[in-house]
Amino acid sequence: MFEILLAEDGSIVMEGRLDAAQAVKAQAFLDNVAGRCVLDLGKLEYISSAGLGVLLKTHKRLMGTGNGIKLTNVGHHIHDIFRYSGFDKLFEIVPAGH
Amino acid sequence: MQRKCKRDINELKNIVKMTESVFQEMGLPAGLRNVVDLATEELFVNMVTYNTETNEDILIEMVPHAVGLEVRLTDYDVERFDPTEVVPVDVDAPLEERTPGGLGLYLVMKMVDSIHYEYRNRQSKITFIVDRK
């Protein structure tokens, strides 16, 4: 199961498993985002390369307008995936508990 | 445990259920789940996406191994494609040079403890092992 929704504080919350079958849903949501984007990943349990592709594509688009994505509440496993992928050098990342 | 999977990414939810059952039966540490889920998904999706000349199901097997878990994916009636020979992604490249593709197999190679490719009689078989340590 995967959900993506807009929180009251303006951040975007991802929950569940962002795999290849859910990447289209995530991309469709993020394609409508403009300006500075804060993604709360505190409830994201799993991400595969399809999900990474969605984040990268959106980040590049938003960076083109001087904005970008900030990834917050990032858990250990997801952070490991970001580190292996070099995303820790591309995104502003706030680990869970900070 | 084994499962024949349709060539459809919507099979991923069934593969996750299979992995869940295998972990329960074998008493494997939960910390290994994400590595097994990720490697299985990436290899399965790669077969579905690029081996489009066949309609045969893809066989996934998960069996106990001396050090943890062995997972095999077999694709039938396909051309040879060895994922272990794929050129690694430059993860140090700046944002403007990064593209969404290519990360999946790179992550598999990075995260599993060993991986082996075999091609025989138009069958492509990938075996990986994840160490319970």
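No value in this document is a laboratory result; all are computed from the given coordinates. This one's a predicted model, so the numbers in the text were calculated from it and none came from an experiment. Positions of Cβ are backbone-derived with ideal geometry, glycine not excepted, and every protein chain shown enters the neighbour counts.
Going by a ≥ b ≥ c, the root eigenvalues of the Cα gyration tensor, does the stretch B:1-90 fall in the rounded group (a/c under 1.5), the prolate group (a/b larger than b/c) or the oblate group? Because a/c hits 1.5 or more and a/b exceeds b/c, the stretch B:1-90 counts as prolate.
Per-residue 3J(HN,Hα) values for the stretch A:70-84, derived from phi via the Karplus relation 6.51 cos²θ - 1.76 cosθ + 1.60 with θ = phi - 60°, read 10, 9, 10, 6, 7, x, 4, 5, 4, 5, 4, 4, 4, 5, 4 Hz in sequence order (x marks Gly and Pro). Applying 1/(1 + (r/R0)^6) with r as the Cβ-Cβ distance of B:Leu59 and B:Val86 and R0 = 30 angstrom yields a FRET efficiency of 0.85. Taking every alpha-carbon pair under 8 Å whose residues sit at least 6 apart, chain A reaches a relative contact order of 25 percent.
Magnitude of the charge dipole for the protein assembly as shown, about its Cα centre and with charges confined to Cβ atoms of Lys, Arg (+1) and Asp, Glu (-1), is about 120 debye.
Where a ≥ b ≥ c are the square roots of the eigenvalues of the C-alpha gyration tensor, would you call the stretch A:2-95 rounded, which needs a/c under 1.5, or, failing that, prolate if a/b is larger than b/c, or oblate? Don't jump to the answer; show the numbers that get you there.
Working: a/c = 1.26, a/b = 1.11, b/c = 1.13.
Taking the square roots of the gyration eigenvalues as a ≥ b ≥ c, the stretch A:2-95 is rounded.
Out of the stretch B:32-107, which GluC sites (Glu not before Pro) are coil in DSSP terms and have no more than 12 other C-beta atoms within 10 Å? Please list the in-between numbers first.
Numbers: sites: B:Glu41, B:Glu42, B:Glu53, B:Glu56, B:Glu61, B:Glu70, B:Glu79, B:Glu85, B:Glu96, B:Glu97; in loops: B:Glu53, B:Glu56, B:Glu79.
Within the stretch B:32-107, the qualifying GluC sites (Glu not before Pro) (loop, at most 12 other Cβ atoms within 10 Å) are B:Glu53, B:Glu79.
About the centre of its Cα atoms, the stretch A:1-78 shows a dipole size close to 360 debye [charges on the beta carbon of Lys, Arg (+1) and Asp, Glu (-1) only; nearest 20 debye].
Only loop residues by DSSP count here, and only those with at most 13 other Cβ atoms within 10 Å; note down the trypsin sites (Lys or Arg not before Pro) in the stretch B:1-106 that meet that. Mind dumping the intermediate values first?
Working: sites: B:Arg3, B:Lys4, B:Lys6, B:Arg7, B:Lys13, B:Lys17, B:Arg33, B:Arg72, B:Arg80, B:Arg98; in loops: B:Lys6, B:Arg7, B:Arg80, B:Arg98.
Here the trypsin sites (Lys or Arg not before Pro) that fit, given the DSSP loop and packing criteria, are B:Lys6, B:Arg80.
Each residue, A:Lys70 and A:Lys43, gets one label point 7 Å from its Cα in the Cβ direction; the gap between the two is 2.1 nm. By its C-alpha gyration tensor, with a ≥ b ≥ c as the square roots of the eigenvalues, how is the protein assembly as shown shaped: rounded for a/c under 1.5, else prolate for a/b larger than b/c, else oblate? The shape class here is prolate. Over the stretch B:67-133, all Cα pairs binned in 5 Å intervals from 0 give whole-percent P(r) values of 4, 15, 21, 19, 17, 12, 8, 4, 0, listed from short to long. Phi angles of the stretch B:60-74 translate, via the Karplus equation with coefficients 6.51, -1.76, 1.60 and θ = phi - 60°, into HN-Hα couplings of 10, 10, 10, 9, x, 10, 3, 9, x, 10, 10, 10, 10, 10, 10 Hz per residue; Gly and Pro are given as x. Sequence-distant contacts, meaning Cα pairs under 8 Å at least 6 residues apart, place the relative contact order of chain B at 28 percent. Rounded to 0.05, the FRET efficiency of the A:Leu5 and B:Gln2 pair, given R0 = 45 Å and the Cβ-Cβ distance, is 0.75. Considering only B:Asn46, B:Ile9, A:Thr65, the residue lying farthest towards the positive end of the dipole of the protein assembly as shown is A:Thr65, judged by Cα position with unit charges set on Cβ. Put simply, the amide H of A:Val94, placed in the peptide plane, has neighbours under 5 Å in A:Leu71, A:Thr72, A:Asn73, A:Val74, leaving out anything fewer than 5 places away on its chain. So, R0 is 22 Å and r is the distance between the beta-carbons of B:Met109 and B:Glu25; what FRET efficiency does that work out to, to 0.05? According to the calculation, E is roughly 0.20.
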